[in-house]
Amino acid sequence: KMNTKVLLAALAGAVTTFLTGWLIYGIALKGFFEAQMVESAKGVMRTEPGMLYIFLGGLSWSLLLALLYSRWAGITTLKSGAIAGAWISFLIALGANLFSYASMDAFQFPSVVVDALVNAVQGALAGGVIGAVLGYQAKQ
């Protein structure tokens, strides 16, 4: 059964993921990732990304972390949430990126590693927020 605290933690994580994604992918590393894309892949990119779907993707990801933390891992602190979020996000992103790189000619290899590292940073930030929300009032 999913409770309100899990949903609030997931929402807080989704907002964190959305904002950090905008800062990292949309501003700081935008040029890097554009340069990593092969020419044929540029033709399938949207001129404007679907922000609602980006948010919903972050919500889905954050709900996964919130469920893992609350149901199986017992994570209720910023620190433990950040550590778990970093590892989970890094390993899943690295695996997905390696599968994509092996099967598609869409981007160059450096983006495989950089994207996994960015996911680790986002996972640490969102995971920390999720852990903190889950632990809020637990100590009182």
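If you take the residues in the stretch 30-51 that are in a loop (DSSP other than H, G, I, E, B) and open to solvent by 50 Å² or more (accessible area, probe 1.4 Å), which one is farthest from residue 128 (Cα to Cα)?
43
Per the listing 75, 88, the residue uniquely of a type in the set (A, V, I, L, M, F, W, C) and not in a helix (DSSP H, G or I) is 75. Among residues of the stretch 29-54 that are polar (S, T, N, Q), those with a beta-carbon under 6 Å from a residue that is assigned to a helix (DSSP H, G or I) at least six positions away or on a different chain give the pairs 36/111. The set of residues in the stretch 68-87 that are more than 11 Å from residue 13 (Cβ to Cβ), touching a residue at least 40 places away in the same chain (Cβ under 8 Å) and either open to solvent by 60 Å² or more (accessible area, probe 1.4 Å) or of a type in the set (Ser, Thr, Tyr) (or both) comprises 70, 76, 77, 78, 79, 80, 83.
Applying the condition of being in a helix (DSSP H, G or I), open to solvent by 20 Å² or more (accessible area, probe 1.4 Å) and in contact (Cβ under 8 Å) with a residue 60 or more places away in the chain to the stretch 1-14 and asking which residue is nearest to residue 76 (Cα to Cα) yields 5. Has the stretch 52-67 got any residue that is farther than 15 Å from residue 118 by Cα, of a type in the set (Gly, Ala, Ser) and buried (at least 17 other Cβ atoms within 10 Å of the Cβ)? Yes.
Residue count for the stretch 93-124 satisfying the condition of being open to solvent by 80 Å² or more (accessible area, probe 1.4 Å) and either part of a helix (DSSP H, G or I) or of a type outside the set (D, E, K, R) (or both): 8.
The values are calculated or read from the model by the stated rules, or taken from the named source; none is laboratory data. Computed from a predicted structure; not experimentally measured. Every residue, glycine as well, gets a Cβ built from its backbone with ideal geometry; the counts of neighbours run over all protein chains shown. Heads up: the accessible areas ignore ligands, DNA and RNA and are worked out on the full protein's heavy atoms, side chains in. Shrake-Rupley method; radii C 1.70, N 1.55, O 1.52, S 1.80 Å.
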